[in-house]
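K.L.:
For reference, the structure I am asking about is given below.
The values are calculated or read from the model by the stated rules, or taken from the named source; none is laboratory data. This one's a predicted model, so the numbers in the text were calculated from it and none came from an experiment. Because the Cβ atoms are built from the backbone with ideal geometry, glycine has one as well, and the counts that use them run over all protein chains shown. Each accessible area value is taken on the protein alone, full model and side chains, heavy atoms only, with ligands, DNA and RNA left out. Shrake-Rupley method; radii C 1.70, N 1.55, O 1.52, S 1.80 Å.
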Amino acid sequence: MIDKKLAAEMRRQKGLFVLTILTALGSAAAILWQTWSVAVIVDGLFLQKASAEMLKPAFVTALVALGVRIGLDLLEEWSALRLATVIQGDLRSRLVAHVGRLSPVQLEGMEKGGLLHLLYDGIDTLESYFSGYLPQLYKAVFIPVLFLVVIFPRDALSAVIMLITIPLIPMFMVLIGKWTKRESVRQWIVLTKFSAFLQDVLEGLVTLKSLGRSKKQSEKIGEISEAYRRATFQVQKWAFISSLALELVATISIAMVAVGLGLRLCEGRLDFLIGFYILLLAPEYYQPMRTLGQFFHAGINAQEASKSLYAFLETPSWREVDGEFAASTVQSIRFDHVCYRYPGASEDAVKDVSLTLKAGQSLALIGESGSGKTTLMMLAMGFLSPTSGTVYVNDVPLDNWQLAAYHGRVNAVLQRPYIFQGTVLENIVFHTAPSPEEAARAQRIAETVGLTHLLRTLPTGLETRLGQGGQKLSGGQTALLMTARALYTDSDVLFLDEMTDNLDLESERALVDNLSQLMQDRMAWIIAHRLQTLRQVDHIYQMAEGRVVASGSYAELVGEGQQMKWKGGAIDA
């Protein structure tokens, strides 16, 4: 039972895998050598009445073989663990890199808990597959063959018995494995759901407690935990039955070999040295196959984990591949009859949009939820590629840009910001141990965006720790912090997605008053619901059902005491 995709991962580390198999075969050869020396010593002591001096070479040989065996076993274990570690590290890197290639819109629809479970538990499950199951599978094939090559010339009958009985072990393994696999699949599904659910509950625990729903979620966690306990119990039950059956088959097979040897020894048709040697080898002959049975369940679990892992890695990005163009500055963004339709959707989310944003200018998008504002921003940021039409940056199609080069010149404040475990200062400058100059710059920007009042209320100002176990911020405070983080980095374009929605009127007024200063020498792309935010914006685009239905300056679109209207709603001036 070899998973083709996991086997391909192993082939990328062929050197370590070959070393693992060769050391295992070397250890098997050492067993043959050591066992023969032991058989010679026993035969010499009890039958040949040999002296200690005569048996000294055999003792030395046995000790040397034992030392070689121990050394090769240690090397095999190291290479197998190294093989698993390298492959796991590579898979984790590829998984994280693929997360970076996917559009944020795609990631929005994925469970964070499920991704974390895949990144940690899913890949951890593969360790026993690469360090245990896969090498053991090859050892279970080659080592018995090596033993038969040595045994057959000495006692053909015992070799035939061994050859006939050893297939019984994998046969029972496969038969019992059918039921085991079904239970293992069920266990993996329950564990994946439990991990995803628990992660989501922990993230929203404060909200659940405030709404009085924490007890209900606790009961739900208990139900899923019980389901996982039952699934695990079933897997363990079949694992026990499987181990019992395999040990029973191996024991009976060894007994058949031993009975045959004993009868022929009693009849004088077999030399004691050969018979004793084969008897000592019999358990070692079946051991690789018995050990494989122990790793059989790890192989099943790894296959289930690999299905989820490769299903994610093979998820196509909603954006085209990077281009090769790069520039040191972004001077303009232009949409030319752009349309976009999400995969699986029946109609376009953005329909024939044309607009232009030049250096030093700002634009705003307004409209009902679902009117296409966020999709348009994702297209401008390069996270989506148009279904038709073209997005130009510096008059170069955005699909021809290197995304890293483009994203190095833009910054954003999105609806779902992330607070890192660290101080306020570290969250603004976006790294640890900032210099005094960086701290002073962060202080100035924090005051500019209106964080001054917040900093006064915090225990140690910019050095106040945030995140788990630290100071909690309100939605408005978080929005101001994210705005400070975006402004700290010198960028040509600033994307602001409803940045004032969580602010109180005083904080919003302070931020809006400084908006022109904040947007100086930058292009600003704003999504907003409050017109108060848009008074100083150069151009406003009103959207409905994916189209631009009106555009102009604030003064052109809104007269004194009027409302800006669109189908189904209005925004008060």
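K.L.:
Looking only at helices (runs of 4 or more DSSP H) that fall completely inside the stretch 421-503, which ones have 2 or more residues that are within 30 Å of the chain's Cα centre (by Cα)?
P.N.:
So the answer is 424-429, 475-488.
K.L.:
Lys565 is checked against (1) assigned to a loop (DSSP other than H, G, I, E, B); (2) modelled with pLDDT under 60 and fails just one. What number does that condition carry?
P.N.:
Against the list (1) assigned to a loop (DSSP other than H, G, I, E, B); (2) modelled with pLDDT under 60, Lys565 comes up short only on (1).
K.L.:
Sticking with this one: Working only within the stretch 340-350, note down all residues that are crowded, with 19+ Cβ neighbours inside 10 Å and either part of a strand (DSSP E or B) or without any contact (Cβ under 8 Å) to a residue 60 or more places away in the chain (or both). Explain how you work it out, then say what you get.
P.N.:
If we filter the stretch 340-350 for residues that are crowded, with 19+ Cβ neighbours inside 10 Å, which is where we start, we get 340, 348-350.
Scanning the stretch 340-350 gives Tyr340, Val350.
K.L.:
Considering only the stretch 360-372, state which residues are open to solvent by 60 Å² or more (accessible area, probe 1.4 Å) and closer than 16 Å to Asn394 by Cβ.
P.N.:
Listed by number, the list holds a single entry, Gln361.
K.L.:
Return only the number of the condition from (1) free of Cβ contacts under 8 Å to residues at least 60 places away in the same chain; (2) open to solvent by 10 Å² or more (accessible area, probe 1.4 Å) that Leu379 does not satisfy.
P.N.:
(2)
K.L.:
Report whether or not Val38 is open to solvent by 50 Å² or more (accessible area, probe 1.4 Å) and either in contact (Cβ under 8 Å) with a residue 12 or more places away in the chain or not charged (D, E, K, R) (or both). Show your work before the answer.
P.N.:
Values: open to solvent by 50 Å² or more (accessible area, probe 1.4 Å): yes; either in contact (Cβ under 8 Å) with a residue 12 or more places away in the chain or not charged (D, E, K, R) (or both): yes.
Yes, satisfied.
K.L.:
What is the residue count in the stretch 489-539 for residues that are farther than 13 Å from Gln361 by Cβ and at pLDDT below 85?
P.N.:
32
K.L.:
Still on this structure: Being in contact (Cβ under 8 Å) with a residue 60 or more places away in the chain, open to solvent by 60 Å² or more (accessible area, probe 1.4 Å) and either basic (Lys, Arg) or not in a helix (DSSP H, G or I) (or both) narrows it down to one residue among Arg82, Arg11; which is it?
P.N.:
Arg82 is the lone residue from the list that is in contact (Cβ under 8 Å) with a residue 60 or more places away in the chain, open to solvent by 60 Å² or more (accessible area, probe 1.4 Å) and either basic (Lys, Arg) or not in a helix (DSSP H, G or I) (or both).
K.L.:
Moving on. Evaluate the following for Val42: is it among the aliphatic types (A, V, I, L, M), over 29 Å from Val141 (Cβ atoms), out of contact with any Phe, Trp or Tyr (no Cβ under 9 Å at 6 or more places or on another chain) and part of a helix (DSSP H, G or I)?
P.N.:
no
K.L.:
Just to verify a result, which residue in the stretch 291-315, among those that are more than 16 Å from the chain's Cα centre (by Cα) and surrounded by fewer than 18 Cβ atoms within 10 Å (Cβ to Cβ), is nearest to Val99 (Cα to Cα)?
P.N.:
It comes out as Gln294.
K.L.:
Kindly indicate which of Gly132, Gly122 is farther than 17 Å from Arg11 by Cα and in contact (Cβ under 8 Å) with a residue 12 or more places away in the chain.
P.N.:
Going through Gly132, Gly122 in turn, the sole match is Gly122.
Residues are listed down the side, and each one gets a yes or a no for (1) open to solvent by 70 Å² or more (accessible area, probe 1.4 Å); (2) free of Cβ contacts under 8 Å to residues at least 40 places away in the same chain; (3) of a type in the set (A, V, I, L, M, F, W, C); (4) part of a helix (DSSP H, G or I):
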position: Gly67; (1), (2), (3), (4): no, yes, no, yes
position: Leu72; (1), (2), (3), (4): no, no, yes, yes
position: Trp78; (1), (2), (3), (4): yes, yes, yes, yes
position: Gln88; (1), (2), (3), (4): no, no, no, yes
position: Leu91; (1), (2), (3), (4): no, no, yes, yes
position: Val99; (1), (2), (3), (4): no, yes, yes, yes
position: Leu118; (1), (2), (3), (4): no, no, yes, yes
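K.L.:
Taking the stretch 380-418 as the region of interest, how many residues are among the polar types (S, T, N, Q), more than 21 Å from Ala364 (Cβ to Cβ) and in a loop (DSSP other than H, G, I, E, B)?
P.N.:
Filtering the stretch 380-418 for residues among the polar types (S, T, N, Q) gives 385, 387-388, 390, 394, 400, 402, 411, 415.
Restricting the remaining residues to those that are more than 21 Å from Ala364 (Cβ to Cβ) gives 385, 387-388, 390, 394, 400, 402.
From what's left, in a loop (DSSP other than H, G, I, E, B): 385, 387, 394, 402.
The qualifying residues number 4.
K.L.:
Something else about it: Please state which one of Ala227, Ala239, Ala250, Ala282 is out of contact with any Gly (no Cβ under 7 Å at 6 or more places or on another chain), at pLDDT below 75, assigned to a helix (DSSP H, G or I) and buried (at least 18 other Cβ atoms within 10 Å of the Cβ).
P.N.:
One residue alone meets the criteria, Ala239.
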